[in-house]
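Chemist: Before we start, here is the structure in question, set down as structure tokens.
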Amino acid sequence: MGEEETLPTHKDEVQENEQLRNGVFSCFCTPFYWFRMLERKLHWSFVFGVMTVYGISQGLGGALARVGTEYYMKDVQKVQPSEAQIYSGITSIPWIVKPLWGLLTDVVPISGYQRRPYFVFAGFLGIISMLFLSLHKDLHIVIALLSLTAASASVAIADVTVDACVAQKSGTHPALAADMQSLCAFSSSIGSLVGFSLSGIFVHLIGPQGVYGLLTIPPVLVLCVGLFLKEPRASVFAYEQINQNFMNAGKAMWKALKCPDVWRPCLYMYLSFSLSLNISEGMFYWVTDSEAGPSFSKEIIGYIMAIGSIGSLLGAILYQYGLKDYPFRDLLFWAQILFCLSGMLDLALVLRWNLKLGIPDYFFVVIDASVSQLIGRLKWMPLLVLSSRLCPAGIEGTFFALLMSIDNAGLLTSSWLGGLLLHVLNVTRTEFDKFWLAVLIRNLFRISPLFLLFLVPRADPNSSILPDEVMNLKQDSETDESDNVELVALVDSADGR
């Protein structure tokens, strides 16, 4: 005889329902328990600092600043698209000198503190620059650029300083290293999504300069981080060693850069970003001002950017759980091809092919933004991991900051070359006849990095890239006292922030 089939009793149903309710309840409560665990083990001031810098200053504030600045340049300063493209590159210069900020926080303590004074300085710098922009009308473009660059420096200094704090905590609490990186990524993603969603609404209601007034709030919170952060105070510091520490760091980095296994990938990263011409300001002017364009409102622009940030997050998840073990060269090859193809969506939009296919502008642009951001993230993630694998032991943080500066220099070059292209093709606030040609040229330039992939090692992320003499660079080139030079790691390679 077969086994008898038993019917569930009322007690069994009650237990199943109770388990279901507990499961749903735990899903909502788990993040709160996680935050409380981090607060208990790492101190509330550290958790507050990470969420402030990544979530509010860079995430929410960065989103508001991007949309606000685009409309400030277009509607207040009334500059041409090519000029706006050049100016956006100028304001990013503080991010190119990130190693300098990092070295200062490591080797130049102020009043016995290595991190707190730099948070305070970054906060004051951001407050003053944003207040100045919000309260003064008819500013000369040079003064406005100086203020925007100072605000960018405020965010960059806070970014480097909080990364140093995260790396220090990762050393003292290695079991929580992944949780800290997750906290950084979570804060940044949520902040960007909220910021872009609200950016268009705020620009419409209070204007770009009103948005700058709101942007005094993030640096105020950064200032509070500097006031409340729990940090031990050093009683004695030999300031006469500062110059020697800088010299030791410079020598170690130069020796590493002379290694072919290091400078070849660095050259690829710079050229890859430089040759991917940035004409985003021209596209912004076209979708908002061109008679032939969709004439999107401020609110729609914000929503589109918010959806694009979701695409970027999905790209990071896809890399983390499906692509992270593939060889660098193979992954970059396919990512670059997809990057070229995604650019054709912009060309189809400018030539209005989407309307001929019956696809509305808003729906098409949302797809374009999501796909472009997703593919851009897939291209960026392996480069971040490769950069982390190129760092010699002992100077990992300092050298990683240098590599990120090389990438930022490539982005700056891309922005300026894109501005030059818009100027040569006479793309102005009212003239967009040749803008389609600018998009096509940009897409053709995106093919060129494929011919430079021989500079990238065939290794996968789990294999060693550097030779032994470079891996042990610090032991060979630094004295015992130069340990103070090391800038703590800025980005965890697994999460690739």
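Chemist: Answer yes or no as to whether S187 is small (G, A, S) and touching a residue at least 40 places away in the same chain (Cβ under 8 Å).
Modeler: So S187 passes the test.
Chemist: Looking at I304, I300, which is the one that is of a type in the set (V, I, T), at pLDDT 85 or above and open to solvent by less than 40 Å² (accessible area, probe 1.4 Å)?
Modeler: Result: I304 is the single residue among I304, I300 that is of a type in the set (V, I, T), at pLDDT 85 or above and open to solvent by less than 40 Å² (accessible area, probe 1.4 Å).
Chemist: Here's a follow-up. Can you give me the number of residues within the stretch 58-68 that are open to solvent by 10 Å² or more (accessible area, probe 1.4 Å) and within 12 Å of S152 (Cα to Cα)?
Modeler: Result for the stretch 58-68: 4.
Chemist: How do the helices (runs of 4 or more DSSP H) wholly within the stretch 339-439 filter down when requiring 2 or more residues that are among the acidic types (D, E): which remain?
Modeler: 361-389, 396-424
Chemist: Quick check, is G55 surrounded by 22 or more Cβ atoms within 10 Å (Cβ to Cβ) and in contact with a Leu (Cβ under 8 Å, 6 or more places away or on another chain)?
Modeler: Against the criterion (surrounded by 22 or more Cβ atoms within 10 Å (Cβ to Cβ) and in contact with a Leu (Cβ under 8 Å, 6 or more places away or on another chain)), G55 does not qualify.
Chemist: Of the conditions (1) within 20 Å of S370 (Cβ to Cβ); (2) open to solvent by 10 Å² or more (accessible area, probe 1.4 Å); (3) at pLDDT 90 or above, L271 clears all except one; give me its number.
Modeler: All conditions are met except number (1).
Chemist: Go through the stretch 78-156 and tell me which helices (runs of 4 or more DSSP H), entirely inside it, have 1 or more residues that are in contact (Cβ under 8 Å) with a residue 40 or more places away in the chain, closer than 28 Å to F284 by Cβ and over 24 Å from the mean Cα position of the chain (by Cα).
Modeler: Helices (runs of 4 or more DSSP H) meeting the threshold: 116-135.
Chemist: With in contact with a Leu (Cβ under 6 Å, 6 or more places away or on another chain), more than 23 Å from H423 (Cα to Cα) and surrounded by fewer than 16 Cβ atoms within 10 Å (Cβ to Cβ) as the only criterion, which of L341, L314 stands out?
Modeler: Being in contact with a Leu (Cβ under 6 Å, 6 or more places away or on another chain), more than 23 Å from H423 (Cα to Cα) and surrounded by fewer than 16 Cβ atoms within 10 Å (Cβ to Cβ) holds for just one of L341, L314, which is L314.
Chemist: Here is a follow-up. Going by the structure shown, is A156 open to solvent by less than 10 Å² (accessible area, probe 1.4 Å) and modelled with pLDDT of 90 or more?
Modeler: Spelling it out, A156 is indeed open to solvent by less than 10 Å² (accessible area, probe 1.4 Å) and modelled with pLDDT of 90 or more.
Chemist: Oh, and also: Before we move on, is V424 open to solvent by 30 Å² or more (accessible area, probe 1.4 Å) and modelled with pLDDT of 90 or more?
Modeler: Considered against the rule, which asks whether it is open to solvent by 30 Å² or more (accessible area, probe 1.4 Å) and modelled with pLDDT of 90 or more, V424 comes out as yes.
The values are calculated or read from the model by the stated rules, or taken from the named source; none is laboratory data. Since the model is a prediction, treat every value here as computed from it, not as a measurement. FYI the Cβ positions are ideal-geometry reconstructions off the backbone, even for glycines, and counts take in every protein chain you see. For the accessible areas, the whole protein counts, side chains as well, though only heavy atoms, and no ligand, DNA or RNA atoms are used. Shrake-Rupley method; radii C 1.70, N 1.55, O 1.52, S 1.80 Å.
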